[in-house]
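The structure appears below as structure tokens.
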Amino acid sequence: MIVITNPYFIEDEINIIHSLFEEGLFLLHIRKPDFSDVAMAQFIHQIKLEFRSKLVLHNHHELAEDFGITGIHFSEKDRKISFDYPARFSKPCRYTTSTHSIEDFNALENDFEYAFLSPVFKSISKENYHPEKDLFKEIKARKNYKTKVIALGGIDVENIEQTLENGFDNVALLGSIWNNENPTKQFKLCQKIVHSYSV
């Protein structure tokens, strides 16, 4: 299971992040689009060294090597205008990206370990962001099996099992975690469902 940071300030965020990792979080995507490179470096610096290998950067990719981060995420926009990945990174990295249709997902090169496909449901964190197509129907046209497809958008305790049953390889959580009074407890509830499905 994957968690994406809230793009905005969250009270006690670093301690919550540590708690999520201690509870078994596999990967944390750091998405802070308004952060300068200095702010991003300060944010990463607060995360314990033992968890740095489980981070994926959405921007300020140049900081990855300095902090021992091997996860690099390309937005759909970045992917379509960038021709130099993975050549720009001297060390092997986990490359991930975002897609919003099964056609875009199927067209991905095999450089990517996984791709988000969104929104699956009405977004919890973004107002008026909801699916224009039924992605459960769309995913039946999947042709790319080298890249894992990760469900994003409105994923919560109530729909994780349904999502995995309909062909997604895993789920990513954002609003479900950060809009909750107890993010760690919510994470554990979601994680339990994912684990029970994969057993």
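The values are calculated or read from the model by the stated rules, or taken from the named source; none is laboratory data. Predicted model, so just to flag it, every value in this text is computed and none were measured. Here the Cβ is made from the backbone with ideal geometry for all residues, glycine too, and neighbour counts use every protein chain on show.
Conditions tested, residue by residue: (1) within 20 Å of GLU76 (Cα to Cα); (2) of a type outside the set (Asp, Glu); (3) surrounded by 16 or more Cβ atoms within 10 Å (Cβ to Cβ).
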site	(1), (2), (3)
ILE102	yes, yes, yes
GLU138	yes, no, yes
VAL157	no, yes, no
GLU161	no, no, no
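Conditions tested, residue by residue: (1) out of contact with any Phe, Trp or Tyr (no Cβ under 7 Å at 6 or more places or on another chain); (2) at pLDDT below 95.
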| site | (1), (2) |
| --- | --- |
| ILE102 | yes, no |
| LEU108 | yes, yes |
| ASN128 | yes, yes |
| LYS133 | yes, yes |
| THR147 | no, no |
| ILE150 | no, no |
| ASP156 | yes, no |
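Pairs meeting the criteria (first residue in the range 42-70 and under 11 Å from ILE30 (Cβ atoms), second residue exposed (fewer than 12 other Cβ atoms within 10 Å of the Cβ), beta carbons under 6 Å, at least 6 apart or on different chains) are HIS60/ASP37.
The residue of the range 3-51 that is surrounded by the fewest Cβ atoms within 10 Å (Cβ to Cβ), among those that are more than 17 Å from LEU174 (Cα to Cα) and among the small types (Gly, Ala, Ser), is SER36.
What do you reckon, is ALA151 buried (at least 18 other Cβ atoms within 10 Å of the Cβ) and not β-branched (Val, Ile, Thr)? Give the steps one after another, and end with the answer.
Values: buried (at least 18 other Cβ atoms within 10 Å of the Cβ): yes; not β-branched (Val, Ile, Thr): yes.
Yes: the conditions hold for ALA151.
For the residues THR163, THR184, the requirement of being out of contact with any Gly (no Cβ under 7 Å at 6 or more places or on another chain), in contact (Cβ under 8 Å) with a residue 60 or more places away in the chain, among the polar types (S, T, N, Q) and in a helix (DSSP H, G or I) singles out THR184.
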